[in-house]
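**Q** Here it is, the structure, as structure tokens.
The values are calculated or read from the model by the stated rules, or taken from the named source; none is laboratory data. The shown structure was predicted, so the numbers you read here are calculated from the model rather than taken from an experiment. Positions of Cβ are generated from backbone atoms using ideal geometry, with glycine treated the same way; all protein chains shown enter the neighbour counts.
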Amino acid sequence: MTDDATIADHYTSGQLLERLEAALRDDGVDPKRPTIEALAPHDQFHGRGMEATLELAEGLEVSAEDHLLDVGSGIGGPARFLADRFGCRVTGIDLTREFCDVARHITGLLGLESRVAFEQGNALAMPFEAARFDGAYSMNVSMNIADKAALYGEIHRVLKPGGWLALSEVAQGPAGALTYPTPWARTADSSFLSTPEETRSGLEAAGFTVERWRDTKQAALDFGARSRALVERGEKPPHRSVFLMHGALGPEVMANVARGLNEDKIIPIEVFCRKA
Ligand SMILES: C[S@@+](CC[C@H](N)C(=O)[O-])C[C@H]1O[C@@H](n2cnc3c(N)ncnc32)[C@H](O)[C@@H]1O
């Protein structure tokens, strides 16, 4: 199996659409007529879910004429949210075919297909011409990519001069190796965490200027505490996408992330940078 296939295999269940439809029905939502709000607990495949996507949007200046790139777009929750919020176009690219199929299906149900599109492909060799996009973002993806120089270089290539890149990532903390499985990798063999310092120097080496930088560890701990309090009261937590992705493995991967955060083995970071 190639590395790409190992990673796509980690995310592929063959049951994603059925699980999503069942989860929506359980929420009292008709799966044929979902809304962006109803999908939010399920279609944001990154730490803190919609809370993080909202914060990303609040830090962006996007016009309706802009065309954004979502690198590692999952089932498209962030892409649909940003297209709806700003009236812009968004193109997502993702390695996992099942995610792209479900992303297109949901986008069609929401009537957003004229502005939101998904390509199955590798972020290291994107089928887009140079200087095509006004801005790019990537949420919880680079942990699957060993060659960060190639990733940042490829994003830099497809951005217009002055274009921005917003990253929301899980970085390697100072306290050593994580326990696997995690949401992004079954074993350490397909997990490629960079330290915050390596992330910054990698972005600068690719030609980006870092304009904003945030360590979101406390936000992640607070989000986890609020979610646990809801569960203890018998309510659903706000972020349930890991159960769509990983089914029965969900509790174990979430516990490994929580332990990694508490023990300083991972540091969630948000970075905003710009192509000169
Ligand atoms: C944790 S999910 C995040 C999905 C999405 N960004 C979100 O926040 O909902 C990681 C995603 O990265 C994708 N991915 C990993 N390596 C990739 C690569 N080399 N090229 C494109 N997508 C990749 C996976 O298929 C998966 O959909």
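**Q** What pairs come out if I take residues in the range 150-176 that are among the basic types (Lys, Arg) and pair them with residues that are assigned to a strand (DSSP E or B) and modelled with pLDDT of 95 or more whose C-beta lies under 7 Å away, six or more apart or interchain?
**A** Lys160/Phe133; Lys160/Asp134
**Q** If I ask for residues that are in contact (Cβ under 8 Å) with a residue 40 or more places away in the chain and either within 24 Å of Asp9 (Cβ to Cβ) or more than 16 Å from the chain's Cα centre (by Cα) (or both), which ones from the range 89-100 would you list?
**A** The answer is Leu95, Thr96, Arg97, Glu98, Phe99.
**Q** A follow-up question, please. Is one or more of the residues making up the range 92-99 assigned to a helix (DSSP H, G or I), surrounded by 21 or more Cβ atoms within 10 Å (Cβ to Cβ), within 16 Å of the ligand (Cβ to nearest atom) and at pLDDT 95 or above? Show your work before the answer.
**A** Initially, the range 92-99 is screened for residues assigned to a helix (DSSP H, G or I), giving 97-99.
Next, from what is left, pick out any that are surrounded by 21 or more Cβ atoms within 10 Å (Cβ to Cβ): 99.
Applying the additional criterion that residues be within 16 Å of the ligand (Cβ to nearest atom) yields 99.
Still in the list and also at pLDDT 95 or above: 99.
There is at least one residue in the range 92-99 that is assigned to a helix (DSSP H, G or I), surrounded by 21 or more Cβ atoms within 10 Å (Cβ to Cβ), within 16 Å of the ligand (Cβ to nearest atom) and at pLDDT 95 or above.
**Q** Checking Ser138 against (1) touching a Leu at 6+ places or on another chain (Cβ under 6 Å); (2) among the polar types (S, T, N, Q); (3) surrounded by fewer than 18 Cβ atoms within 10 Å (Cβ to Cβ): exactly one of these is not met. Which one?
**A** Here Ser138 clears every test but (3).
**Q** If you don't mind, there's one more thing I want to ask. Collect the residues in the range 100-128 that are part of a strand (DSSP E or B) and either polar (S, T, N, Q) or near the ligand (Cβ under 10 Å from one of its atoms) (or both), keeping them in residue-number order. Full working, then the answer.
**A** Within the range 100-128, the first condition is being part of a strand (DSSP E or B), and the residues that meet it are 116-120.
If the condition is that a residue be part of a strand (DSSP E or B) and either polar (S, T, N, Q) or near the ligand (Cβ under 10 Å from one of its atoms) (or both), then Glu119, Gln120 are the ones that fit.
**Q** When the range 115-136 is examined, which residues are found to be within 15 Å of Pro78 (Cα to Cα), within 15 Å of the chain's Cα centre (by Cα) and among the small types (Gly, Ala, Ser)?
**A** Ala136
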